[in-house]
Amino acid sequence: MIKDIVTYPTPPSVEYSTDVRIFDESLHQLITDLKDTIEANNLEGLAAYQIGNQFNVIVVKKDEEFLELVNPRVFNPQGKIESIETTAYFPGLTATITRAQSISVFFQDRDGKDCSLKANDDFAVLLQRKIDFTFGSSFINKLTKDEKKLFEKKLVFGSNIATPESCPIFSYKDTVNKITKVLFVVMFVLILVSLFIDDTNSLSTYQIILASTAFISTFIYIVVGYFEGKRYSSCTSCQIGNLIGTTFINWIKLSILSLVSYFTF
């Protein structure tokens, strides 16, 4: 039977797995449920913990065949390998983790017979990831401090592209905003100049041109910012806040400068 997989932020219903002591039909049914759920979700493996069951059982796929491990234990880890991992508990998100490159695993089969195997590279990583769940853990507990901070950002954004390089270093909207600020400075300078001359007609014309240009550049800022926010989806929240705040401030500045110019020229 296909079971629901516990996913973030729902906490698992058990804290850690309990070793199987009775190898009966209920255990066989649990293993069948794990296989059905793996197939239905196109996964590499599952621990019973991930479907809310308390027993220390995992099922993984190797060469398109199911491997059943009851009460698995990892021994003799050797070497290190860096892997980009996914887990059904954090669907759609990945993390870079350093694990043992080769391991030995002691376990029992569905009938209680003692077994062992050696695993290397990707298969060793898969087994370690699933066995982690039997101890009430997930790969987030294996992350380095920096990787954990990055993964927490991914959780906030709900996106796997919330990486340091996701937000652009160069932003066209910021360039447009700098142009707008220059226009404001020039408008302010013209207001000061008008205080020291009698004929301000020509200055008034320039001021109208500058004000119109500033208004257009502010509108361009909104449009460019919107499309940059769509492109860099991990920055969407900060983009929206930045757009609204900066546009509001620019319009206030433009309104004040225009109003002062109206009474000055």
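No value in this document is a laboratory result; all are computed from the given coordinates. Predicted model, so just to flag it, every value in this text is computed and none were measured. FYI the Cβ positions are ideal-geometry reconstructions off the backbone, even for glycines, and counts take in every protein chain you see.
Centroid-to-centroid, using Cα positions, segment 33-61 and segment 121-144 are 14 Å apart.
Per-residue Cβ neighbour counts within 10 Å put 104, 202 in the sequence 202, 104, beginning with the fewest. Of all lysines in the structure, those lying under 18 Å Cα to Cα from residue 154, and not within fewer than 8 positions of it along the same chain, are 142, 145, 230. The angle between the Cα long axis of helix 25-41 and the longest principal axis of the Cα atoms of the chain comes to about 30 degrees, rounded to the nearest 10.
In the chain, the longest principal axis of the Cα atoms and the axis of helix 172-194 are about 20 degrees apart. Rounded to the nearest 10 degrees, the inclination of helix 145-157 to the longest alpha-carbon principal axis of the chain is 70 degrees.
Each residue in 110, 129 was given a count of other beta-carbon atoms within 10 angstrom of its own, and listing them fewest first yields 110, 129. Near residue 19, the amide H atoms lying under 5 Å from its own belong to 56; only residues 5 or more places off or on other chains count, and H is placed 1.01 Å from N. Does segment 25-157 come out rounded, prolate or oblate by the C-alpha gyration tensor, with a ≥ b ≥ c the root eigenvalues, rounded set by a/c under 1.5 and, if not, prolate when a/b is larger than b/c and oblate if not? Oblate. For segment 1-59, GluC sites (Glu not before Pro) meeting the loop criterion (DSSP other than H, G, I, E, B) and having at most 10 other Cβ atoms within 10 Å: 15. Of the trypsin sites (Lys or Arg not before Pro) found in segment 1-69, those in coil by DSSP whose Cβ has at most 14 other Cβ atoms within 10 Å are 21. Taking the number of Cβ atoms within 10 Å of each Cβ as an exposure proxy, the fewest-first ranking of 85, 64 is 64, 85. Packing order of peptides 135-143, 244-252, highest average first: 135-143, 244-252 (average count of other Cβ atoms within 10 Å over each peptide's residues). For volume of the Cα convex hull per residue in Å³, the value calculated from this model appears in [x] 116; [y] 153; [z] 125 under label [y].
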